[in-house]
Amino acid sequence: MSTTETQSEECTYFRWSKPDTGYQIRHEMNYDGNKDYAVFLSPGELDERAIVPYIEYQHKATHFIETEVLKDSPVLFARFADLDLSDVTKILEFANQNGFLLPTHIYNFPDRLPLTGEKLALWVNQIWLMKQTFNIWQWSLSKDTDKLASVIKVDEKSIRYQFDTPRSRLWIINKQNHPTLFRKLIPGDFIIPARAFMQMRIDEQLSDMRIKAYKKPPIAMRLVFNSQNELDPYLAPTSLLAAMWLQFRQHVTRERRLKRCEICEQWEDVTVNRESWTSHELCVNRDKVKKSRKLMAVKKHLQEGLGVDDISVKLNVGVRDIQRWLKKETENKFEQKP
């Protein structure tokens, strides 16, 4: 079996579980830094004292639901990168759908029950790391020089990566340490520096995540029985976070392809789809029904004597869209005449 084959999705083994009761946000409150008190607050009730929010089990779980994330959600890493860093509700929704990022961790506190969960700060930081890398990857694919130039600065001695956020540390690649890379550079070109960043970030995440509470290697090698009862080598992520970075790696190395649906704007794995794929079939059908209903409403209002501008405001539809629909319907009727 070749190296490429052992690194493909078909040769990746990963199962993950989540509690049947789901998760909630729990805020640990600190009074004068001396004694901690646990309270349950909604995001709207958060005050300046609730400084450490966690994601934890909502109630005592009766059982855990096991999933095969890499098969069920081939572009989960892209959806993770799409999360809004400030939208706690969406982050919690992602957790409820997919589970914790890392193996279960228990936080012990004095004078009360321990907490099984993860700090929200961990989620925010990991979303941002994925978002940074994902954006650079997308900009390099589209050859968006302006956006790449906004975060990548190249001179004779170094390549610097600086993102406009306080959460981002400055990345520097020095010529002295990477002379081979600098020999590849072309003046004014940002694609190779972008790829160098992706290489460093993904390699780091799949070898050493730099998370103190996470002691396991992100990826393990396993032997798994196949359908013929023979042993095959598999890559086995040890966490949901590692599994998403492995997914990302497979797309960056062109093993997988993804596109964003033009209608729902969700990412989709299109490795087995035709190159011209633009939208989910379900989204296309829903969009046709929606446009058909809007067209019926347009014709009804026209019969009532309303003008196109008034109809546009009433139905919240662009004037050009209405004109295009009416023109297309007229052309279709003309084509159907014997």
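Each value in this text was obtained by applying a stated rule to the coordinates, not by laboratory testing. All values derive from a computational prediction rather than experimental measurement. Reconstructed Cβ throughout: ideal geometry from the backbone, glycine too, with neighbour counts over all protein chains shown.
When a/c reaches 1.5 or more, the comparison of a/b and b/c decides; with that in mind, is segment 281-336 rounded, prolate or oblate per its Cα gyration tensor?
Taking the square roots of the gyration eigenvalues as a ≥ b ≥ c, segment 281-336 is oblate.
Rounded, prolate or oblate: which fits segment 206-271 when a ≥ b ≥ c are the square roots of the eigenvalues of the alpha-carbon gyration tensor, with rounded for a/c under 1.5 and prolate only if a/b beats b/c?
Verdict is oblate for segment 206-271.
List the pairs from Lys131/Lys153; Lys131/Lys290; Lys131/Lys294; Lys147/Lys327 whose alpha-carbon separation is above 27 Å, in the order I gave them.
Violating the 27 Å limit, Cα to Cα: Lys131/Lys290; Lys131/Lys294; Lys147/Lys327.
Within straight cross-link reach of Lys18, meaning Cα distance under 22 Å, which lysines are found once same-chain residues fewer than 8 apart are removed?
Lys60, Lys71, Lys90, Lys119, Lys215, Lys216
Simple spin-label model, 7 Å along Cα-to-Cβ: Val284 to Asp72 in nm?
2.8
If packing is taken as the average number of other Cβ atoms within 10 Å across a peptide's residues, how do 198-207, 180-189 rank, most packed first?
Going from most to least packed, we get 198-207, 180-189.
Extending each Cα 7 Å along its Cβ direction at Val313 and His105, get the distance between those two points in nm, one decimal.
With each label point 7 Å from Cα toward Cβ, the separation is 5.5 nm.
Would you calculate the separation in nanometres between label points at Arg79 and Gln176, each defined as 7 Å from the Cα along the Cα-to-beta-carbon direction?
4.7
Can you tell me the length gained on complete extension of the stretch Asp144 to Asn96, counting 0.36 nm per residue apart and subtracting the Cα distance?
13.8 nm
How do Ile65, Ile322, Ile136 line up, fewest other C-beta atoms within 10 Å first?
Ile65, Ile322, Ile136
By counting other Cβ atoms within 10 Å of each Cβ, how are Lys119, Lys18, Lys153, Lys215 ranked from fewest to most?
Going from least to most buried by this count: Lys215, Lys153, Lys119, Lys18.
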